[in-house]
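The values are calculated or read from the model by the stated rules, or taken from the named source; none is laboratory data. Remember, it's a predicted structure, so these values are computed and weren't measured experimentally. Cβ placement follows ideal geometry from the backbone for every residue including glycine, while neighbour counts extend to all protein chains displayed.
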Amino acid sequence: MHNSKIHILVIEDDPAYMNLLKLRLAAERKAVFSAVFAATLQKALERLKQEPFDLVLLDLFLPDSSGLDSLEAVRKQSPHLPVVILTALPDEDVGLQAVKSGAQDYLIKGEVDPHMFFRVIQYALERKRMEAYLRNSEERTRLIIETANDAFVAMDSSGLIVEWNRRAELMFGWPRSSVIGKTVADVILPPQHREAHQEGIKHFLASGEGPILNRRVELNALHKDGREFPVELTVWPAYSGDEYRFNAFIHDISGDRKLQQMKDEFVSTISHELRTPMTIIREGVLQVLEGLHGETTENQKKFLTMTLGGVDRLKHIIDRLLDISKLESGRVLLDKELSDIVQIAREVNAAFLPRAQAKGLEIREIFPADSLRVYLDKNKMIQVFTNLMDNALKFTDKGFIEVSVLDGPQSVECRVRDTGRGIPKDDLGRVFSKFEQFDRQMGPGEKGTGLGLAIAKGLVESHRGKIKVESRAGEGTQFIFFLPKHSVDDIFKEYLARGIRAALTEKACLSVLLFEVQDYDSLLTKMAPAPIDHLLKELGKKLKEGVRQRVDTALEGGHRFYAGLPSTRRETADFISKRIRQVFDETIKKEGLSDVVRIRSKVIGFPEDGHTAEELMFLLRAV
Amino acid sequence: MAYKILVVDDEPHIVMMLEARLRKNGFEVVTATSGSEAMAKVKQDRPDLIVLDVMMPVISGLEVCRMLKENPVTRAIPVILLTAKSTERDQTLGISAGADSYVTKPYTPEELLGQIKELLER
């Protein structure tokens, strides 16, 4: 509409009717019409070229054209204009035909009263507007998806690809035409994910549950050229008509990963760089303090001691930085062995007792089991307990700190609870993040790096455990972490799987050794456990020493000892096995247990004896 | 007769400190600030033990260590690697170069002296 007048082109050759329309249009009060009249199609088409109209009233029977040809011609000339047909025939069919061919509506001359006339025109205009709006909206959405910086992939409920935008073409290397109709599993998922994917779809369709839906998931995707690369994606289901569809936006994070790696290396390099000047400062100060370079006065000693304290704090911070950067880049190598976690908790409590007592705090222990052996890295676990205790002590001024270690079916649950200041609800989410030290009112000398809890979380998680915090401001805080109970067999199987993958990429071989105390269970019924335990510890030590020359793995779990020897051929592995056997036998003899303890040993190689971790484990354990 | 220790580090201050510390503990000290100087001093002074920094330009401590351990004449001299780097990988590299021990900076005097005593007593 221009000037809010509705500008109409009337294509009508009957002069009488033309006049009637003129009057009608002029008399209309609800809207203001301005009309242009054309008596032939030719003239009408010319007028259409010359000026913009809002609507066309078209008599189907014109001198130079008739029927739907006229309609077609007008629509061809101005496809976006709404057209209302005028027909003299009291024939619905013609009208309907016209609407099917693109007219908005039809009016039968002679049967139209003024109100209807106006209404039809209004509706026609409105409908046209809606059509245009929808088309635009669809265009816009399509444009958004098409030009999005992330790949957009949609999948139907049978797993077939139904949408694939430009970025998907670039990211995965497949043009659209090649992938529509193929399954998501075959095109973009690496083989190891395919089964879980099919299961996931089945499960969702059956139960409505989708653990990976509507959240950010990271996994490896497959490029056309065969290589895997890391992506982050969000999948959400859409139900339309009677079918489910799964939409996903996929983001390539190989760049992010690289950046993260660079950042970690940077932190690591800087931390290492700082160590040499720190050594100089520390040694220098220490030597003067010790009188190596002449007598020092009491006052000088005092200040030098302070300086030394400063350097030690610096060292502490740098160590933490390195810890956290190692944890983030996954470079923490856990030295796992069967350790008594209750004992670890006791040790840490004992170490903190003086500090607690100085603050007037009690340390309570809840250890229903007197000892609990779990497969974990002892030093790292000490660090976890230490960091949690340290935190508890910092923020507790009265009451007690309670440490519990509870056995569970699948995991061990450890708690450190305090009656301290507590953590306000808004801060709870940030507790485990780096450098978040809210509430700076700590006791004198109680400064920290803020990394302790983040490190504790990293360490617990690198044991495949979970940690959480519960707290109420003013009432106290409780940290709870769970450590899964792995059997040494599980751990070794994991190691084997990794080792095989590494051997595959390096086109090398891998040998594994097993040493087992035969009939261990019956042995325990015949003898006291203490000397056997001691022997097992000794054997464990000997094994570690025996394989130390190479970058190998030695694992012990109770009465079974595993050793993994990468890039070692069967012959060499046999030789090493014999050597260790000898050492074991000597040790057993030294303990005076040669009569009762017998060792069974086995050597297995990849790829000669098997290709998967399962196969190798099975062969190892088979007698 | 006092034991003779060769201290090698490209940082002259570290060398000075180590020297002072070791002298105080009754050791005789010879020093070098590069890999090539170290090899020369080994030949010339025949030390009983070598404290060797890993990160040195031109010839790294690892190479020096390897060369010493491959030579039958010098193989028996215990070598302690001193370094700022402390990752497991670096430790493995050190061990595979034949080092007898590994101390990270900043070291505590007790740690270093302890290692020295242990290696000399073997």
Requested in this report: Please give the number of the condition A:Gln287 fails out of (1) surrounded by 17 or more Cβ atoms within 10 Å (Cβ to Cβ); (2) away from every other protein chain (no Cβ under 14 Å).
Outcome: (2)
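Would you check if A:Leu314 is within 36 Å of the chain's Cα centre (by Cα), farther than 30 Å from A:Arg464 by Cα and within 14 Å of chain B (Cβ to nearest Cβ)?
Numbers: within 36 Å of the chain's Cα centre (by Cα): yes; farther than 30 Å from A:Arg464 by Cα: yes; within 14 Å of chain B (Cβ to nearest Cβ): yes.
So A:Leu314 fits the description; yes.
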Report task. Filter region B:12-30 down to the residues that are crowded, with 18+ Cβ neighbours inside 10 Å and not in a helix (DSSP H, G or I), then identify the one that is farthest from the other protein chains (Cβ to nearest Cβ). Result -> B:Val30
Query - Which numbered condition A:Phe249 fails, given (1) part of a helix (DSSP H, G or I); (2) away from every other protein chain (no Cβ under 14 Å); (3) at pLDDT 85 or above - result: (1)
Report task. Run down A:Arg275, A:Arg257, A:Arg194 and say which single residue is in contact with a Pro (Cβ under 7 Å, 6 or more places away or on another chain) and more than 30 Å from B:Asp10 (Cβ to Cβ). Result -> A:Arg257
Report summary line: Taking region B:1-11 and the residues there that are modelled with pLDDT under 90 and either over 22 Å from A:Ile281 (Cα atoms) or among the polar types (S, T, N, Q) (or both), the one that is surrounded by the most Cβ atoms within 10 Å (Cβ to Cβ) would be B:Ala2
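Take the conditions modelled with pLDDT of 85 or more, within 30 Å of A:Ser404 (Cβ to Cβ) and in a helix (DSSP H, G or I) and apply them to A:Asn299. Does it pass?
Values: modelled with pLDDT of 85 or more: yes; within 30 Å of A:Ser404 (Cβ to Cβ): no; in a helix (DSSP H, G or I): yes.
Taking the combined requirement at face value, the residue does not satisfy it.
Matching residues to (1) within 14 Å of chain B (Cβ to nearest Cβ); (2) surrounded by 13 or more Cβ atoms within 10 Å (Cβ to Cβ); (3) over 21 Å from A:Lys544 (Cβ atoms); (4) in contact (Cβ under 8 Å) with a residue 12 or more places away in the chain:
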| position | (1), (2), (3), (4) |
| --- | --- |
| A:Ser339 | no, yes, no, yes |
| A:Phe352 | no, yes, yes, yes |
| A:Glu362 | no, yes, yes, yes |
| A:Asp377 | yes, yes, no, yes |
| A:Lys380 | yes, yes, no, yes |
| A:Asn391 | no, yes, yes, yes |
Query raised in the report: Of all residues in region A:169-182, how many are part of a loop (DSSP other than H, G, I, E, B) and in contact (Cβ under 8 Å) with a residue 40 or more places away in the chain?
Result: 2
Requested in this report: Hey, can you tell me all the residues within region A:116-168 that are assigned by the TED database to the domain that holds A:Phe204, β-branched (Val, Ile, Thr) and touching a residue at least 40 places away in the same chain (Cβ under 8 Å)?
Outcome: A:Val153, A:Val162
Report task. Considering (1) farther than 30 Å from A:Phe561 by Cα; (2) modelled with pLDDT of 90 or more; (3) of a type in the set (Val, Ile, Thr), say which one A:Val431 fails and leave the rest. Result -> (2)
Query raised in the report: Of A:Met155, A:Met130, which residue is more than 19 Å from A:Leu20 (Cβ to Cβ), of a type in the set (A, V, I, L, M, F, W, C) and loosely packed, with under 12 Cβ neighbours inside 10 Å?
Result: A:Met130
Report summary line: For region A:368-391, the count of residues that are in contact with a Lys or Arg (Cβ under 8 Å, 6 or more places away or on another chain) and hydrophobic (A, V, I, L, M, F, W, C) equals 2
Query - Subset of region B:87-122 [more than 12 Å from chain A (Cβ to nearest Cβ), in a helix (DSSP H, G or I) and modelled with pLDDT under 80] - result: B:Gly94
Report summary line: Of (1) of a type outside the set (Gly, Ala, Ser); (2) more than 22 Å from A:His486 (Cα to Cα); (3) assigned to a helix (DSSP H, G or I), A:Leu593 satisfies every one except (3)
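What do you reckon, is A:Tyr495 of a type in the set (Ser, Thr, Tyr), surrounded by fewer than 21 Cβ atoms within 10 Å (Cβ to Cβ), closer than 20 Å to A:Gly540 by Cβ and out of contact with any His (no Cβ under 9 Å at 6 or more places or on another chain)? Full working, then the answer.
Numbers: of a type in the set (Ser, Thr, Tyr): yes; surrounded by fewer than 21 Cβ atoms within 10 Å (Cβ to Cβ): yes; closer than 20 Å to A:Gly540 by Cβ: yes; out of contact with any His (no Cβ under 9 Å at 6 or more places or on another chain): yes.
Yes.
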Query raised in the report: Which members of region A:501-522 meet the condition of being in a helix (DSSP H, G or I) and modelled with pLDDT of 80 or more?
Result: A:Tyr520, A:Ser522
Requested in this report: Would you confirm whether any residue within region A:3-10 is on the phi > 0 side of the Ramachandran plot, free of Cβ contacts under 8 Å to residues at least 12 places away in the same chain and either within 60 Å of the chain's Cα centre (by Cα) or in the same structural domain as A:Ala98 (by the TED database) (or both)?
Outcome: yes
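Mind checking which residues of region A:262-284 are within 14 Å of chain B (Cβ to nearest Cβ) and among the hydrophobic types (A, V, I, L, M, F, W, C)?
So in region A:262-284, the residues within 14 Å of chain B (Cβ to nearest Cβ) come out as A:264-265, A:267-284.
Residues satisfying the conditions are A:Val267, A:Ile270, A:Leu274, A:Met278, A:Ile280, A:Ile281.
Report whether or not B:Val58 is in contact with a helix residue (DSSP H, G or I) (Cβ under 7 Å, 6 or more places away or on another chain) and modelled with pLDDT under 90. Before you say what the answer is, go through the steps one by one.
Working: in contact with a helix residue (DSSP H, G or I) (Cβ under 7 Å, 6 or more places away or on another chain): yes; modelled with pLDDT under 90: yes.
For B:Val58, the condition - in contact with a helix residue (DSSP H, G or I) (Cβ under 7 Å, 6 or more places away or on another chain) and modelled with pLDDT under 90 - is met.
Conditions tested, residue by residue: (1) in a strand (DSSP E or B); (2) of a type outside the set (Asp, Glu); (3) within 25 Å of A:Glu131 (Cα to Cα).
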| residue | (1), (2), (3) |
| --- | --- |
| A:His7 | yes, yes, yes |
| A:Val10 | yes, yes, yes |
| A:Leu21 | no, yes, no |
| A:Ala26 | no, yes, no |
| A:Phe37 | yes, yes, no |
| A:Leu71 | no, yes, yes |
| A:Val74 | no, yes, yes |
| A:Val94 | no, yes, yes |
| A:Phe118 | no, yes, yes |
Query raised in the report: Tell me, which residue of region A:183-220 that is under 21 Å from A:Glu169 (Cβ atoms), outside any helix (DSSP H, G or I) and among the aliphatic types (A, V, I, L, M) is nearest to the chain's Cα centre (by Cα)?
Result: A:Leu219
Report summary line: Being assigned to a loop (DSSP other than H, G, I, E, B) and under 23 Å from A:Tyr133 (Cα atoms) narrows A:Leu89, A:Leu57, A:Leu81, A:Leu48 down to just A:Leu81
Query raised in the report: Got a sec? Which of A:Lys447, A:Lys457 is of a type in the set (D, E, K, R), surrounded by 15 or more Cβ atoms within 10 Å (Cβ to Cβ) and either at pLDDT below 90 or under 20 Å from A:Val403 (Cα atoms) (or both)?
Result: A:Lys457
**Report entry** Selection from region A:536-566 of residues that are modelled with pLDDT under 75, closer than 25 Å to B:Leu93 by Cβ and of a type outside the set (Asp, Glu)
**Finding:** A:Gly546, A:Val547, A:Arg548, A:Gln549, A:Arg550, A:Val551, A:Thr553, A:Ala554, A:Leu555
Query raised in the report: Counting just the residues of region B:31-54 that are buried (at least 18 other Cβ atoms within 10 Å of the Cβ) and within 14 Å of another protein chain (Cβ to nearest Cβ), which one comes out nearest to the chain's Cα centre (by Cα)?
Result: B:Val51
Query raised in the report: Assuming A:Ile250 fulfils every condition listed in (1) in the same structural domain as A:Arg166 (by the TED database); (2) out of contact with any Ser or Thr (no Cβ under 9 Å at 6 or more places or on another chain) apart from one, which condition is it?
Result: (2)
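Taking region A:511-532 as the region of interest, how many residues are buried (at least 19 other Cβ atoms within 10 Å of the Cβ) and over 12 Å from A:Phe561 (Cα atoms)?
Step one: filter region A:511-532 for residues buried (at least 19 other Cβ atoms within 10 Å of the Cβ), giving A:511-517, A:532.
Keeping just the survivors that are over 12 Å from A:Phe561 (Cα atoms) gives A:511, A:532.
Residues that pass the stated criteria total 2.
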